[in-house]
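Undergrad: Pasting a structure here, questions to come.
The values are calculated or read from the model by the stated rules, or taken from the named source; none is laboratory data. Computed from a predicted structure; not experimentally measured. A quick note on method: Cβ atoms are made from the backbone with ideal geometry, for glycine too, and the neighbour counts reach across all protein chains shown.
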Amino acid sequence: MHITIYRGTKEIGGTLIEVKTDTTRILIDAGYPLFLNNAPIDDNIAKLPHTELLALGVLPKIERLYAWDDAGFDAVVISHAHIDHYGLLKYVNSAIPVHMSAGTERLIQISQRFRICDSFGSEVRRFRMYRSFRIGDIELKPYLMDHSAFDAAAFEINTEGKTVIYSGDFRGHGRKSVCLDRFIAAAKKRPDVLLIEGSMLGRIDEQTMTEGGLEDAVVERMQRVNCPLLFQCSSQNIDRLVSFYRASLRLKRMFVVDIYTANVLHELRQLKNNLPYPSPEYPNIKVFFPYRLTQRIFDDIGEEYARRFAEYHISRERIKEVQNHIIMTCRPSMRIDIQKCGVHDGVFLYSLWRGYRDEAYQQTFEKSLAKAGFSLEALHTSGHATIADIKRVINGLDPQKLIPIHTMHPDAFGDFSDRTERKHDGVAFEV
Ligand SMILES: [Zn+2]
Ligand SMILES: [Zn+2]
């Protein structure tokens, strides 16, 4: 088989990997880049026409993949619901089917429904974790991974008597760390190639807390104070929401989620799992309706996405009354709502990658919280593997060849294995 990494040999995000045999051609991940010319990509770039995106390299030159070309791929396979792995789907020729897990599909649907990402025309086919499926003469076996995206997969790819393993994005310090153990135990040993992510390389001075440790830190911070706790994380980072939810139980506080987060939890809970969501089963979860978002839901998104939580609604007035007994989600777009709730002199925990914190919109939000007497603090842990876990995967699988991907520091892998081979974006190699 031939493999071409169109993007990812020397950067984090925007992953696209082609696997091609004599009869079958698939693309694994169709990621929108996080960087352009080594700087974080500007939000406005996404609005440019596709001709300009091609010229800039945001859309790599790939024959017979895109909507304006004929369809020369048998399928696209998506590892998980992060934009840097699926954000280019809307440009893919809609005659090409897209394979993904049920959780990934739900998260992408929610993002489309709430206009966070554009829709795409391809037919979606679902795969199940640990069940092999075939596309032409390529067999793929997905493994559930521990990552900050829900229902994320790694793939074992078998064809022509060879095996390639793609780790996707993963970690071993989240709430599903057992998935990493299971992957290392069950995936094929001595694969011909291991494509492995290394997002954390170069950040070695960062100490890595587990999600359980983060939950403990929330409890520790709040157990002896009597004030509101607001926190900001990605509403699709389910592990993180669960960490704060569990802390709310331990602290005997009400867990207040905004209506968007409520929808994420509600939709994912339909997939038969034990996620907390607004329902009689979880009486300490209440739903806050931010003014502008609620208007948008009624005008544009669909009123059932608001009405389904009417029973669990908590008003601004009620939040004001019980403010010292809440843990509440927030984000910059809720700045005025938070002001109108009259919460004050509390703790704000920023629980996202620190790189986003300097943005003007975020700064305005935090200044308004500071003005209301909030203590601004950070509490976060990465969605990506530590060096120890990267080594654990390499030692456990013992690949014949290791190819770094999704990393700014591919050379650092040389320290972990003398079978490391660096590749270049857009250059095919044979396995
Ligand atoms: Zn990624
Ligand atoms: Zn990811």
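Undergrad: Of the residues in the stretch 249-285, how many are surrounded by 18 or more Cβ atoms within 10 Å (Cβ to Cβ), without any contact (Cβ under 8 Å) to a residue 40 or more places away in the chain and more than 20 Å from the chain's Cα centre (by Cα)?
TA: Total meeting the criteria: 1.
Undergrad: Would you point out which residue out of Ala81, Ala102 is under 30 Å from Asn273 (Cα atoms), modelled with pLDDT of 95 or more, of a type outside the set (Ser, Thr, Tyr) and away from ligand 2 (no atom under 16 Å from the Cβ)?
TA: Ala102
Undergrad: Would you list the strands (runs of 3 or more DSSP E) that sit entirely within the stretch 136-218 and hold 2 or more residues that are outside the structural domain of Thr21 (by TED's automatic domain parsing) and either more than 16 Å from ligand 1 (Cβ to nearest atom) or among the basic types (Lys, Arg) (or both)?
TA: Hits in the stretch 136-218: none.
Undergrad: Before we move on, is Ile108 in a loop (DSSP other than H, G, I, E, B), in contact with a Phe, Trp or Tyr (Cβ under 7 Å, 6 or more places away or on another chain) and modelled with pLDDT of 95 or more?
TA: Answer is no for this residue.
Undergrad: Those residues that are within 19 Å of Asp239 (Cα to Cα), hydrophobic (A, V, I, L, M, F, W, C) and either modelled with pLDDT of 95 or more or touching a helix residue (DSSP H, G or I) at 6+ places or on another chain (Cβ under 6 Å) (or both), I need them from the stretch 349-368; list them, please.
TA: Leu349, Leu352
Undergrad: Can you tell me which of Gly136, Gly161 is over 25 Å from Leu275 (Cα atoms) and without any contact (Cβ under 8 Å) to a residue 12 or more places away in the chain?
TA: When all the criteria are applied, what remains is Gly161.
Undergrad: Of Gln232, Gln223, Gln270, Gln236, which residue is at pLDDT 95 or above, farther than 15 Å from Leu349 by Cα and touching a Leu at 6+ places or on another chain (Cβ under 9 Å)?
TA: Just one listed residue meets the conditions, Gln236.
Undergrad: Moving on to the next point. Please go through the stretch 336-356 and give me each residue that is surrounded by 15 or more Cβ atoms within 10 Å (Cβ to Cβ) and either among the aliphatic types (A, V, I, L, M) or assigned to a strand (DSSP E or B) (or both), ordered by number.
TA: Hits for the stretch 336-356 are Ile338, Val343, Val347, Phe348, Leu349, Tyr350, Leu352.
Undergrad: Another question, then. I'm trying to understand the selection: among the residues of the stretch 369-383, which are out of contact with any helix residue (DSSP H, G or I) (no Cβ under 9 Å at 6 or more places or on another chain) and either within 16 Å of Gly8 (Cβ to Cβ) or within 16 Å of ligand 2 (Cβ to nearest atom) (or both)?
TA: Listed by number, the list holds a single entry, Ser382.
Undergrad: I've got another one for you. Which of the residues belonging to the stretch 357-404 are of a type outside the set (S, T, N, Q), assigned to a strand (DSSP E or B) and without any contact (Cβ under 8 Å) to a residue 40 or more places away in the chain?
TA: Leu376, Ala378, listed by residue number.
Undergrad: Now for a different question. Look through Pro410, Pro404 and report the one residue that is touching a helix residue (DSSP H, G or I) at 6+ places or on another chain (Cβ under 6 Å) and either within 16 Å of ligand 1 (Cβ to nearest atom) or over 22 Å from Leu36 (Cα atoms) (or both).
TA: The conditions single out Pro404.
Undergrad: With the checklist (1) touching a strand residue (DSSP E or B) at 6+ places or on another chain (Cβ under 9 Å); (2) closer than 30 Å to Phe244 by Cβ in hand, flag the one item Arg392 doesn't pass.
TA: It fails just one condition, (1).
Undergrad: Can you find, within the stretch 405-422, the residue that is nearest to Met200 (Cα to Cα) among those that are more than 16 Å from ligand 2 (Cβ to nearest atom) and in contact (Cβ under 8 Å) with a residue 24 or more places away in the chain?
TA: The selected residue is His409.
Undergrad: List, please: which pairs have Cβ atoms under 7 Å, are six or more places apart or on different chains, and start with a residue in the stretch 101-120 that is closer than 27 Å to Lys141 by Cα and end with one that is among the aromatic types (Phe, Trp, Tyr) and surrounded by 19 or more Cβ atoms within 10 Å (Cβ to Cβ)?
TA: The qualifying pairs are Ser101/Phe127; Gly103/Phe150; Leu107/Phe150; Ile108/Tyr86.
Undergrad: Test Ser333 against the criterion of being under 23 Å from Glu366 (Cα atoms), modelled with pLDDT of 95 or more and either of a type in the set (Ser, Thr, Tyr) or surrounded by 21 or more Cβ atoms within 10 Å (Cβ to Cβ) (or both), and give yes or no.
TA: Taking the combined requirement at face value, the residue satisfies it.
Undergrad: Could you tell me which residue of the stretch 166-208 is farthest from Asp415 (Cα to Cα), considering only residues that are surrounded by fewer than 21 Cβ atoms within 10 Å (Cβ to Cβ), of a type outside the set (S, T, N, Q) and modelled with pLDDT under 95?
TA: Out of the qualifying residues, it is Glu206.
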